[in-house]
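Visitor: First the structure, which I've put down as structure tokens, then a few questions once you've had a look.
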Amino acid sequence: MLNWWQALILAVVEGLTEYLPVSSTGHLIIASALMGLNEESFVKSFNIIVQFGAILSVMVLYWRRLLAPPSFYLKIAAGFLPAAVIGMLVKDEIDAILGSVEVVGAALFVGGLALIFIDRKPGRFDGGKTIAELSYKEALLIGLCQCFAFIPGVSRSAASIVGGLAAGLSRREAAEFSFFLAVPTLSGATAIKVLKIAPTITQDQIGIILLGNLVSFIVGCLAIKGFIDFLAKRGFFAFGLYRVAVGVVIFILMAAGLRLS
């Protein structure tokens, strides 16, 4: 049974990692496994529903940019479309691997190498384009890149940022487009999960969900501000190195016989 302090830890992990290119889902799976919670169905639901607080952090911090012309929202819709379609087709397969620490370790390691490579090729992956200059086709391709994050450990943020860089966006604009793309993507996932568990949810669980979303909102606001400043000054190398290190640690622990799932 998920208790209050465990929910608090998971909410902090969600808020801290949702918009960083390190995989919030992967870190939630690791944190849940370390606390012995990976087998609990409510914990898997909580880890999705608690994303709503992180969604609100984007809407609060970027409310001025969200007062945008229709073309902006059409680009967000184009970017969201692949996740909506593919997500519905593979949702059962996604649920089946949501507790797999092995998958998370491999995805963190490979994704970390990719970020290190991209950081060393700034001319190729930083075109300086703004979101306003992005075409609908490019927005759709970014959305397709985001779908790689259905594999836990890949990172929705990393996948969509890389897609944005490949489309010619600047680092800051790619990161911010990833933030905006998260709103419909995570809202959809949260709504589906809430509707699914609504008939069985208890009063205590409602309280835990509300606490989790409040904490993930506060931490998410701090993480977004820190990430944008860090990205503009330092790039992706540190995030790539961190991912590789966590992946290696996971492999070592599992090779030593420690059960993480």
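The values are calculated or read from the model by the stated rules, or taken from the named source; none is laboratory data. These numbers were taken from a predicted model, which means no experiment stands behind them. Every residue, glycine as well, gets a Cβ built from its backbone with ideal geometry; the counts of neighbours run over all protein chains shown. Accessible surface is based on the protein model in full, side chains and every heavy atom, while ligands, DNA and RNA are left aside. Shrake-Rupley method; radii C 1.70, N 1.55, O 1.52, S 1.80 Å.
Visitor: Got a sec? Which of Ala77, Ala83, Ala68, Ala96 is over 23 Å from Gly15 (Cα atoms), in a helix (DSSP H, G or I) and at pLDDT 90 or above?
Guide: Exactly one residue qualifies, and that residue is Ala77.
Visitor: Do the conditions hold for Val13, that is, is it under 14 Å from the mean Cα position of the chain (by Cα), modelled with pLDDT of 95 or more, not charged (D, E, K, R) and not in a loop (DSSP other than H, G, I, E, B)?
Guide: yes
Visitor: In region 227-236, is there at least one residue being open to solvent by 10 Å² or more (accessible area, probe 1.4 Å), out of contact with any Lys or Arg (no Cβ under 7 Å at 6 or more places or on another chain) and in contact (Cβ under 8 Å) with a residue 24 or more places away in the chain?
Guide: No, region 227-236 has no match at all.
Visitor: What residue, of Ser23, Ser32, Ser41, is open to solvent by less than 10 Å² (accessible area, probe 1.4 Å), more than 20 Å from Cys147 (Cα to Cα) and among the hydroxyl-bearing types (Ser, Thr, Tyr)?
Guide: Ser32
Visitor: Would it be correct to say that Leu56 is open to solvent by 80 Å² or more (accessible area, probe 1.4 Å), in a helix (DSSP H, G or I) and in contact (Cβ under 8 Å) with a residue 24 or more places away in the chain?
Guide: Judged against the criteria, Leu56 is not a match.
Visitor: Right, another one. Scan region 119-140 and tell me whether some residue there is over 22 Å from Glu176 (Cβ atoms), touching a residue at least 24 places away in the same chain (Cβ under 8 Å) and in a helix (DSSP H, G or I).
Guide: No, there is no match, as no residue in region 119-140 is over 22 Å from Glu176 (Cβ atoms), touching a residue at least 24 places away in the same chain (Cβ under 8 Å) and in a helix (DSSP H, G or I).
Visitor: For region 115-160, which positions are open to solvent by less than 40 Å² (accessible area, probe 1.4 Å), closer than 24 Å to Ala68 by Cα and touching a Lys or Arg at 6+ places or on another chain (Cβ under 8 Å)?
Guide: Ile131, Leu134, Ala139, Gln146
Conditions (1) of a type in the set (Val, Ile, Thr); (2) in contact with a strand residue (DSSP E or B) (Cβ under 6 Å, 6 or more places away or on another chain); (3) more than 21 Å from Gly127 (Cβ to Cβ); (4) in a helix (DSSP H, G or I), marked per residue:
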| position | (1), (2), (3), (4) |
| --- | --- |
| Val154 | yes, no, yes, no |
| Ala191 | no, no, yes, yes |
| Ile209 | yes, no, yes, yes |
| Gly226 | no, no, yes, yes |
| Arg243 | no, no, yes, yes |
| Leu253 | no, no, yes, yes |
